Amino acid sequence: MKKWLLVCMVLTVFAVVTACSNKSDATGEKVVIQTNSDEEAKAAMEQALKDAGYEGQYILQSLGTSELGGKLLAEGKLLEADLVTMSSYFIESAQQQHNMFKELPFETNALEQYPSFYTPVLAITGSIFVNTHVLEEKGLAMPTSIKDFTKPDYQDLVSIPNVMDSSTGWLLIQAIISHYGEEEGKTVLRELIANSGPHLESSGSGPIKKVQAGEVAVGFGLRHQAVAAKEAGAPIVNIDPVEGNFSLTESIAVVDKDEKTKELAMEMAEVIMKNAREDLLVDYPVALYEGESVSIANTPESFNSFPEALTVELLEQHQQFFQQSR
């Protein structure tokens, strides 16, 4: 009987200790990081945290852009995350609505000026590209602009991303509106969508895949993907359009909570910003900070910025512009 009571006491103590341990994790002793980044970016960030000795001190949760964006806008400071990496325009809008992010106290030495509550971790840039074999086969002239894709000769030979599904598509819309204005831009976009026919893609990577496979002659998408395809031996030529190269960033921000993880989250944010960039530049070759450099092939001729701040509200306006042009 005494042995049985002893066993019961040991099991009870074990259960209490386990419960307390689980409760400790659940209440935020580990930093919760929520991100919309893809696998390459997550790997770079985790490697930086591991090298800095933070392994086991955080929980990384991967969510889609729409899902995480919806949580930011709906939950504000009640968000489970202590640290987020996310499309910058969502961070901007969430801050406007909830004032939910803490100012970053560390020096970033960014090439561009950013709000004090976030700093970029990576950037993507848009451009046009062609399959030279298909271009020659179809007897098409080498394009120099997005507007060239609206010519009748390009009917069903164009692939572009749909801004309703892909942030890469927003780079296309920004270029069109910035260069042509909304009135002429709507005509350009309407003719461009018509020429795309069945090649209006829900994924930002869709156009380069179609162009590389020879299903279409030309496309709009991510510049670094076209450069990589050419370097791998594909008959792809990247062209910086006269409308300019526009970019989107994904940034890191610390949720302004009173919990003890806030200080640790801030340390991790600085580590990711400073130590993950070398690996991130391999897959996202856009220089963002002083001292960074990329190859000439990965340097656009004309970096452009949209004249208005990029926010979720602006994205919705441009999505409406897209729908009205169809």
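Computed from the coordinates by the stated procedures, all read-outs in this text should not be read as laboratory data. In this text, all values refer to a predicted model and were calculated from it rather than measured experimentally. Note that we place each Cβ from the backbone using ideal geometry, even for glycine, and neighbour counts take in every protein chain shown.
So the label point goes 7 Å from the Cα of residue 29 along Cα→C-beta, right? Which residues of segment 48-65 then have their backbone N under 16 Å from it? Within reach of a label on residue 29, which here means backbone N under 16 Å from a point 7 Å along Cα→Cβ, segment 48-65 contributes 55-59.
Residue 179 sits among other residues whose Cβ lies under 11 Å from its own Cβ, and their net charge, with Lys and Arg +1 and Asp and Glu -1, is -1.
Backbone amide hydrogens, once placed in the peptide plane, bring residue 101 within less than 5 Å of 256, excluding anything fewer than 5 places away on its chain. Bridgeable lysines around residue 230 (alpha carbons under 21 Å apart, same-chain partners fewer than 8 residues away excluded): 138, 209, 210.
Using just the helices of the chain, give the 222 nm mean residue ellipticity in deg cm²/dmol: DSSP H runs with n ≥ 4 each add -39,500 (n - 2.57), and the total is spread over all residues, rounded to 500.
Working: 11 runs with 146 residues, N = 326.
Computed mean residue ellipticity for the chain: -14500 deg cm²/dmol.
Multiplying the residue separation of residue 145 and residue 57 by 0.36 nm and removing their Cα-Cα distance gives an extension gain of 26.8 nm.
Dipole magnitude for the chain: computed about the Cα centre from +1 point charges on Lys and Arg Cβ and -1 point charges on Asp and Glu Cβ, it is near 1000 debye.
Legend: calculated FRET efficiency, residue 187 to residue 99, from the Cβ-Cβ distance at R0 = 35 Å, rounded to 0.05, equals 0.30. In plain terms, the bigger the Kirkwood radius, the slower the diffusion; for segment 202-326, with that radius from Cα pairs, at 10 °C and 1.306 mPa s, Stokes-Einstein puts D at 90 µm²/s. In order along segment 306-312, the Karplus-derived 3J(HN,Hα) couplings, from 6.51 cos²θ - 1.76 cosθ + 1.60 at θ = phi - 60°, round to 5, x, 9, 4, 7, 9, 4 Hz, and Gly and Pro are given as x.
Shape analysis of segment 243-289 places it in the oblate category; the axes a ≥ b ≥ c from the Cα gyration tensor give an a/c of at least 1.5, with a/b not above b/c. Amide H contacts for residue 289 (H built 1.01 Å from N in the peptide plane; partners 5 or more residues away or on another chain; cut-off under 5 Å): 111.
Among 173, 59, the ranking by other beta carbons within 10 Å of each residue's beta carbon, starting with the fewest, stands as 59, 173.
Among residues other than residue 314 with Cβ under 12 Å from its Cβ, the summed charge is -4 (Lys and Arg +1, Asp and Glu -1).
Taking other Cβ atoms within 10 Å as a rough exposure proxy, 258, 153, 165 sort from fewest to most as 258, 153, 165.
Each of (i) 78, 54, 51; (ii) 93, 39, 39; (iii) 64, 45, 36 is a candidate for Cα extents along the principal axes in Å; the one calculated from this structure is (ii). Model label points for residue 263 and residue 47, set 7 angstrom from Cα along the Cα-to-Cβ axis, are 3.1 nm apart. Counting charges near residue 126 (Lys, Arg +1; Asp, Glu -1) among other residues having Cβ under 12 Å from its Cβ returns a value of -1. On full extension, the segment bounded by residue 213 and residue 107 gains 33.7 nm, given 0.36 nm per residue less the C-alpha separation.
Note on the chain: antiparallel DSSP beta bridges, both residues inside, total approximately 60 percent of the bridges counted.
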